[in-house]
1. Return yes when residue 103 is exposed (fewer than 15 other Cβ atoms within 10 Å of the Cβ), in a strand (DSSP E or B) and touching a strand residue (DSSP E or B) at 6+ places or on another chain (Cβ under 7 Å) and no when it is not.
2. If I ask for residues that are in contact with a Leu (Cβ under 8 Å, 6 or more places away or on another chain), assigned to a loop (DSSP other than H, G, I, E, B) and touching a residue at least 60 places away in the same chain (Cβ under 8 Å), which ones from segment 12-61 would you list?
3. More than 12 Å from the chain's Cα centre (by Cα), farther than 23 Å from residue 101 by Cα, not polar (S, T, N, Q) and not in a loop (DSSP other than H, G, I, E, B) - does that describe any residue in segment 62-81?
4. Output yes when any residue across segment 81-91 is touching a Phe, Trp or Tyr at 6+ places or on another chain (Cβ under 8 Å) and either in contact (Cβ under 8 Å) with a residue 24 or more places away in the chain or among the aliphatic types (A, V, I, L, M) (or both), and no when none is.
5. Please verify whether segment 83-95 includes one or more residues that are surrounded by fewer than 15 Cβ atoms within 10 Å (Cβ to Cβ) and among the small types (Gly, Ala, Ser).
6. Output the residues belonging to segment 82-113 that are among the β-branched types (Val, Ile, Thr) and either under 11 Å from the mean Cα position of the chain (by Cα) or farther than 15 Å from residue 40 by Cβ (or both).
7. Checking the conditions here, which among 49, 53, 116 is more than 14 Å from the chain's Cα centre (by Cα), on the phi < 0 side of the Ramachandran plot, modelled with pLDDT under 95 and among the polar types (S, T, N, Q)?
8. Every residue in segment 1-12 that is under 22 Å from residue 83 (Cβ atoms) and open to solvent by 60 Å² or more (accessible area, probe 1.4 Å), please.
Amino acid sequence: VQLQAFGGGLVRPGTTRRLACVYSGNVLDSMGWYRQAPGKERELVATISNSGSTNYADSVKGRFAISRERAKNTMYLQMSSLKPEDTGIYYCTAGYRRDGSDYPSYWGQGTEVTVSS
């Protein structure tokens, strides 16, 4: 599985940004976005299963939306009402889903998002 994320950059608080992840190969059961803020551990942002079932971190619920466009082999993360604490490197993943939990097996190279005025 090959994954490549795009769309990061410097954005103002309160604005919207969309990340994209172009993939190839068998993405297994689910795909997702994780992020790592400076000095912090990597954390789950959102995941989507092959059936379209989604999970979100509490910190992004209602502001972020994950989706997939299979015809284009692309996954998206629509980010709205961005906050400085959303700053980090965002990674797209592919992996397994078991009993409602996601286990990423493949990672893309990451795209950096900086939310600052």
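The values are calculated or read from the model by the stated rules, or taken from the named source; none is laboratory data. Keep in mind that what you see is a predicted model, and the values were worked out from it rather than measured. Ideal geometry is used to build each Cβ from the backbone, glycine not excepted, and the neighbour counts take in all protein chains shown. Remember, those area values only see protein heavy atoms, side chains included, never the ligands or the DNA or RNA. Shrake-Rupley method; radii C 1.70, N 1.55, O 1.52, S 1.80 Å.
1. Spelling it out, residue 103 is indeed exposed (fewer than 15 other Cβ atoms within 10 Å of the Cβ), in a strand (DSSP E or B) and touching a strand residue (DSSP E or B) at 6+ places or on another chain (Cβ under 7 Å).
2. 12, 13, 14, 15, 16 - these are the residues of segment 12-61 that are in contact with a Leu (Cβ under 8 Å, 6 or more places away or on another chain), assigned to a loop (DSSP other than H, G, I, E, B) and touching a residue at least 60 places away in the same chain (Cβ under 8 Å).
3. Yes, there is a match, as at least one residue in segment 62-81 is more than 12 Å from the chain's Cα centre (by Cα), farther than 23 Å from residue 101 by Cα, not polar (S, T, N, Q) and not in a loop (DSSP other than H, G, I, E, B).
4. Just the residues of segment 81-91 that are touching a Phe, Trp or Tyr at 6+ places or on another chain (Cβ under 8 Å), to begin with: 90-91.
Adding the requirement that they be either in contact (Cβ under 8 Å) with a residue 24 or more places away in the chain or among the aliphatic types (A, V, I, L, M) (or both) leaves 90-91.
Looking for residues that are touching a Phe, Trp or Tyr at 6+ places or on another chain (Cβ under 8 Å) and either in contact (Cβ under 8 Å) with a residue 24 or more places away in the chain or among the aliphatic types (A, V, I, L, M) (or both), one finds at least one in segment 81-91, hence yes.
5. We begin by selecting, within segment 83-95, every residue surrounded by fewer than 15 Cβ atoms within 10 Å (Cβ to Cβ); these are 83-85.
This time we only want the ones that are among the small types (Gly, Ala, Ser), so: none.
No, there is no match, as no residue in segment 83-95 is surrounded by fewer than 15 Cβ atoms within 10 Å (Cβ to Cβ) and among the small types (Gly, Ala, Ser).
6. Hits for segment 82-113 are 89, 93, 111.
7. Working: 49 fails: more than 14 Å from the chain's Cα centre (by Cα); 116 fails: modelled with pLDDT under 95.
From the options 49, 53, 116, the qualifying one is 53.
8. Once the filter is applied, which keeps residues that are under 22 Å from residue 83 (Cβ atoms) and open to solvent by 60 Å² or more (accessible area, probe 1.4 Å), segment 1-12 yields 6, 10, 12.
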